[in-house]
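Working notes for the structure below.
What follows draws every value from the coordinates through simple rules; no lab data is involved. Keep in mind it's a predicted model, so treat the numbers as computed, not measured. Reconstructed Cβ throughout: ideal geometry from the backbone, glycine too, with neighbour counts over all protein chains shown.
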Amino acid sequence: MDSRKTVTIRTNVLSNGHNGEVCDTLFYQGNGCSQTQALKYVGNHMMIATTGEIMWCTGRNNLQPLNVIYRLYIGKEIADVNLHPFDSYFSLLNPIKIIGSAIAWVSNWRNGFHFIPTRAGAESVVFHAPIFSQVSIGQETDMLSHRKKYDAWLKDDNTTDGLILWGVSRGTAATFCAFAKEKYPEVKLVVLEGAIDSVQEVLPKRVLNTFKSEYISRHVTNIINTGLTFFNKCNLMQYHQDGPSPLKSVAEFPEGIPVVFITSKVDTVVTCDNTENIARALAEKGKNDVYLLKLERSSHPNYMFDNIKDRDCYEAFIHAIYKKYNLEHDHELARKGEHLISSCTLCEVKSKSHYLKKAV
């Protein structure tokens, strides 16, 4: 298999206890992560990576991955991930590639990711290095990568009629902004975990959580912003402060598509306030069903591995949402999560079809 080709991954065909429309899920990962992050959401099922390798997750802290994505579509790896970082002798001396690859390897190991090579090849998902010149934190390069995944999905002969969009952390910004711009017509649901409202809102809160002092945090934030501006001017990264953000994209976000936001009260990377900010901004528009689930004790991005009650709540809530919108779901999990729907609803829009059914 040519590693440059897109790969469609199918999991969990309909079985007893399952019902609803079967949809593919287009997944977009967070900063510093490769396609392997999707393993946290497909239960204990084996997947085929874009490299042809077999991969699966056994979990962490005695907790299993969430069983919430049935038909995962990875498509092409995104622009800022290098799956072949050591392609020359000199690359072995590059500290960015060495450190980046080491961090990726440790992260995969800690999350219980396992791999089996299926062919000889240069690329591998076992570890990767970042391509900083392509980093945009949900802006142009990420939006383009998202569109490329979608275009590849359209060309796949084995796609479903409907599509679910799923983003995590940086992936929420990429997903939100790309969908607001491209308005993919097949989308039935959007799920955003640890959602960013904008980098300019997230950054100062993240720095404050690190240094605790407002005075120090303000100066550190200014230094970071100056650095980001410098890197952008030198074309060392693609993020720029006046670029797209979810908050700027609310007005253009497609109407009528339900959106689920998942956050945690103890998330210090993308705080609960940041996620609630973008969720309420979309809800106040009044054109989408909007839900916000707040977990209690889970850190970013380990909402499924930090606390068993949070993990089970997350999983059951998603299946309840699936059931509400007639998407493939597990009946028992949906039953357990139904009580959360009302408490997590920020906005519920009655569609034309609702009124038609009521009239009949």
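Quick notes on this one:
- Residue list for the range 29-50, restricted to those being over 11 Å from PRO65 (Cβ atoms), out of contact with any Gly (no Cβ under 6 Å at 6 or more places or on another chain) and assigned to a loop (DSSP other than H, G, I, E, B): ASN31, GLY32, CYS33, SER34, MET46, ALA49, THR50
- Filtered residue count, the range 105-140, keeping only those that are among the polar types (S, T, N, Q) and assigned to a loop (DSSP other than H, G, I, E, B): 5
- A count restricted to the range 253-273 and to residues that are under 23 Å from TYR325 (Cα atoms) and of a type outside the set (Gly, Ala, Ser) stands at 10.
- Scan of the range 199-219 for residues that are among the aliphatic types (A, V, I, L, M) and either surrounded by fewer than 18 Cβ atoms within 10 Å (Cβ to Cβ) or within 19 Å of PRO301 (Cβ to Cβ) (or both), ordered by number: VAL199, VAL202, LEU203, VAL207, ILE216
- Some residue of the range 274-290 being closer than 30 Å to LEU327 by Cα, in a helix (DSSP H, G or I), β-branched (Val, Ile, Thr) and in contact with an Asp or Glu (Cβ under 7 Å, 6 or more places away or on another chain): yes
- Residues of the range 184-198 that turn out to be buried (at least 24 other Cβ atoms within 10 Å of the Cβ) and among the charged types (D, E, K, R), as a count: 2
- Candidates in the range 55-64 are the residues that are touching a Phe, Trp or Tyr at 6+ places or on another chain (Cβ under 7 Å) and part of a strand (DSSP E or B); of these, the one that is surrounded by the most Cβ atoms within 10 Å (Cβ to Cβ) is CYS57.
- Close pairs (8 angstrom Cβ cut-off, 6 or more residues apart or separate chains): in contact (Cβ under 8 Å) with a residue 60 or more places away in the chain in the range 271-298, of a type in the set (Lys, Arg) and not in a strand (DSSP E or B) anywhere: THR271/LYS205; THR271/ARG206; ASP273/LYS205; ASN274/LYS205
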